[in-house]
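Everything on this sheet refers to the single structure shown next.
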Amino acid sequence: MTSIYGPVTDWEHDFDHADPEYNANVHQIWDDLLNKKQCPVAHTERYGGTWLPLTHEHVREIAYDTEHFTSRSVVVGTTKPSQFDPQPPPSPIGNAPPISSDPPFHAEARRLLLPAFSPKKIDPWASEIRRICHQLIDDMGDVQFVDAAQQYSQDIPVQVIARMLGFPVQDADKFRHFVHLVLESVNEDRETRLAKFMVFDEYLTHQINDHIANPRDDLTTYLLNAEIMGNKLSPEHVGGTIILLLVAGIDTTWSGIGSSLWHLATNAVDRRRLAENPDMIPTAVEEFLRAYAPVTMARLVRDDYDFHGYAMKEEDWVLLPFPAANRDPNVFHDPDTVVIDREENRHAAFGLGIHRCLGSNLARLEMNVAIEVFLERFPDFELDQSEEVTWSVGQVRGPRRLPVRITARS
Amino acid sequence: MRVHVDAQKCQGHSRCYALAPELFDIDDYGNAHELNDGVVPEGLEARARLAQANCPEFAIIIQE
């Protein structure tokens with residue numbers, strides 16, 4: 001990946017969330033900004049002007065304020081939506097409804113998808129997810145060293161969402177490549193990105209046409225038959241929503257599983273407690289979600305706006321780092337310590353307000369099952385110190401290489 | 001003790017349903033509501049407080 005921006009030297013006035021140093025050192029960076037520089041809202045001219053609020057109060061206020069902040073685009077990039085497409089879909093629909101939609105259209109587009117992702121619809125997927133996890137571990141063979149990110153975490157959400165959409169499971173690499181393009185190559189130049197988008201667009205059109213010709217019991221057919229206010233969804237709406245489900249469903253959960261396993265690989269006490277007490281896993285997962293929340297969202301400033309003395313300009317980006325909000329000492333006791341049996345945990349890993357992560361029930365289920373199966377099959381493991389852990393770049397944070405040494409198996 | 005979910009604030013995080021299914025249920029859209037008119041049976045008060053303390057949207061109200 002070739003960034004059009006140079007390395008960051010000043011995180012207060014020239015930060016870049018897509019600089020590789022950001023995700024690798026993010027807790028230190030937030031801590032320095034908040035406590036050493038007394039800077040609760042950082043700013044950069046990069047990406048055409050971007051803000052980074054860090055407190056729970058500010059992040060929450062912006063998440064709730066759909067009047068001054070639009071969701072028209074939620075991934076900060078070198079290209080703003082008005083430049084990206086000469087004739088962008090009119091607000092409030094956006095490119096990938098409902099995540100890119102504003103009220104009042106947002107509620108209609110979201111209402112369409114909510115039933116498919118409610119706990120009662122998602123819970124039955126547990127046995128299939130468990131089967132996928134066991135299969136991935138079987139496929140590793142009897143080896144001592146595995147990459148828990150590449151050989152395990154990344155494959156679980158991709159396989160689940162492909163099955164839900166009714167796309168070929170063997171196309172998983174295509175999805176991953178596309179997600180990487182959307183989320184990690186944000187600082188590449190516009191032409192390079194557009195050309196890559198076109199390739200995936202063709203693939204998606206092919207899959208949608210195949211579903212039109214051969215309807216089946218899956219989410220794609222459901223979307224093609226769905227209606228909003230008596231009208232079928234436009235092909236752009238269906239395609240945009242599928243893109244949303246792919247992008248939102250893959251890297252995020254991969255990161256959540258990976259960060260949890262990274263924590264366990266580096267914390268022997270927590271690892272043994274969970275291996276011996278699997279009934280503690282659901283509470284531990286909530287703490288992993290708090291401490292290692294993968295997702296930072298974004299908004300665009302609708303019109304020039306004075307946000308607590310910060311002069312935000314029309315079409316400035318505003319990052320919503322829910323992971324930073326989750327470490328605010330005004331909301332969480334001892335926030336920098338990972339307490340796997342933390343009882344009071346009002347974390348915002350899945351966002352706040354009307355855009356609460358639609359797939360949160362699925363993500364939670366995948367994380368719970370993935371960690372349970374990993375600990376069941378590998379009751380003890382540790383970081384492989386001879387290899388390097390690498391972290392993702394951009395708004396979704398998680399380990400992309402997680403070399404571990406298996407020290408016990410069952 | 002009584003519990004109540006503020007439907008205007010609830011965004012369907014499902015934490016209350018996961019932590020206290022005796023007190024809360026969710027509809028087809030994933031939004032929560034209290035069971036039994038919100039009356040908390042004796043012995044479940046701590047569960048009600050746990051659900052309240054875990055709601056990201058501060059949507060759960062408890063009347064003692």
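The values are calculated or read from the model by the stated rules, or taken from the named source; none is laboratory data. Everything numeric here is computed off the predicted structure, so don't read it as measured data. Cβ placement follows ideal geometry from the backbone for every residue including glycine, while neighbour counts extend to all protein chains displayed. Each accessible area value is taken on the protein alone, full model and side chains, heavy atoms only, with ligands, DNA and RNA left out. Shrake-Rupley method; radii C 1.70, N 1.55, O 1.52, S 1.80 Å.
General remarks:
- For the range A:344-365, residues that are within 22 Å of residue A:59 (Cα to Cα), open to solvent by 20 Å² or more (accessible area, probe 1.4 Å) and among the basic types (Lys, Arg) total 1.
- Taken together, the residues in the range A:1-13 that are buried (at least 17 other Cβ atoms within 10 Å of the Cβ) and touching a Phe, Trp or Tyr at 6+ places or on another chain (Cβ under 9 Å) amount to 2.
- Restricting the range A:48-60 to residues that are in contact with a His (Cβ under 9 Å, 6 or more places away or on another chain) and more than 19 Å from residue A:335 (Cβ to Cβ) leaves a set whose member that is surrounded by the fewest Cβ atoms within 10 Å (Cβ to Cβ) is A:49.
- Residue A:27 vs. criteria out of contact with any strand residue (DSSP E or B) (no Cβ under 9 Å at 6 or more places or on another chain) and either surrounded by 13 or more Cβ atoms within 10 Å (Cβ to Cβ) or closer than 22 Å to residue A:389 by Cα (or both): yes
- Of the residues making up the range A:129-157, those that are among the β-branched types (Val, Ile, Thr) and under 18 Å from residue A:361 (Cβ atoms) are A:129, A:132, A:156.
- Cβ separations smaller than 7 Å between residues 6+ apart or across chains give the following pairs from the range A:117-130 residues that are at negative phi to residues that are open to solvent by 60 Å² or more (accessible area, probe 1.4 Å) and not aromatic (Phe, Trp, Tyr): A:118/B:28.
- Unique residue being farther than 25 Å from residue A:152 by Cα and aliphatic (A, V, I, L, M) when the list is A:295, A:269, A:301, A:285: A:301
- Looking only at the range A:390-410, and only at residues there that are in a strand (DSSP E or B) and basic (Lys, Arg), the one that is least open to solvent (accessible area, probe 1.4 Å): A:400
- Residue among A:330, A:368 that is in contact (Cβ under 8 Å) with a residue 60 or more places away in the chain, open to solvent by 50 Å² or more (accessible area, probe 1.4 Å) and not charged (D, E, K, R): A:330
- Within the range A:156-184, tally of residues that are in a helix (DSSP H, G or I), open to solvent by 10 Å² or more (accessible area, probe 1.4 Å) and closer than 16 Å to residue A:399 by Cβ: 3
- Selection status of residue A:336, open to solvent by 10 Å² or more (accessible area, probe 1.4 Å) and either in contact (Cβ under 8 Å) with a residue 60 or more places away in the chain or away from chain B (no Cβ under 14 Å) (or both): yes
- For the range A:300-312, the criterion of being assigned to a helix (DSSP H, G or I) and either farther than 30 Å from residue A:68 by Cβ or not basic (Lys, Arg) (or both) is satisfied by no residue at all.
- Test: residue in the range A:236-247 that is without any contact (Cβ under 8 Å) to a residue 60 or more places away in the chain, part of a helix (DSSP H, G or I), open to solvent by 20 Å² or more (accessible area, probe 1.4 Å) and out of contact with any helix residue (DSSP H, G or I) (no Cβ under 8 Å at 6 or more places or on another chain): no
- Candidates A:394, A:351, A:309: the one that is modelled with pLDDT of 95 or more and over 30 Å from residue B:49 (Cα atoms) is A:309.
- Considering residues of the range A:185-216 that are in a helix (DSSP H, G or I) and hydroxyl-bearing (Ser, Thr, Tyr) only, the residue surrounded by the most Cβ atoms within 10 Å (Cβ to Cβ): A:203
- Search result, residues across the range A:260-273 that are part of a helix (DSSP H, G or I) and surrounded by fewer than 24 Cβ atoms within 10 Å (Cβ to Cβ): A:262, A:263, A:265, A:266, A:268, A:269, A:270, A:271, A:272, A:273
- Residue check for residue A:406: in contact (Cβ under 8 Å) with a residue 12 or more places away in the chain and under 21 Å from residue A:145 (Cα atoms): yes
- Within the range B:8-17, the set of residues being of a type outside the set (Ser, Thr, Tyr), surrounded by 17 or more Cβ atoms within 10 Å (Cβ to Cβ) and in contact with a strand residue (DSSP E or B) (Cβ under 9 Å, 6 or more places away or on another chain) comprises B:10, B:12, B:13, B:15, B:16.
- Of all residues in the range A:274-310, exactly one satisfies the criterion of being surrounded by fewer than 20 Cβ atoms within 10 Å (Cβ to Cβ) and basic (Lys, Arg), namely A:302.
- Qualifying positions in the range B:41-59 - in contact (Cβ under 8 Å) with a residue 24 or more places away in the chain and either open to solvent by less than 40 Å² (accessible area, probe 1.4 Å) or over 19 Å from residue A:57 (Cβ atoms) (or both): B:44, B:45, B:47, B:48, B:50, B:51, B:52, B:54, B:55, B:56, B:57, B:59
- The residue pairs whose first member lies in the range A:213-230 and is without any contact (Cβ under 8 Å) to a residue 12 or more places away in the chain, whose second member is surrounded by 10 or more Cβ atoms within 10 Å (Cβ to Cβ) and among the basic types (Lys, Arg), and whose beta carbons are closer than 8 Å, counting only pairs six or more residues apart or on different chains, are A:225/A:232.
- All strands (runs of 3 or more DSSP E) inside the range B:3-64 with 3 or more residues being under 10 Å from the mean Cα position of the chain (by Cα) and within 14 Å of chain A (Cβ to nearest Cβ): B:24-26
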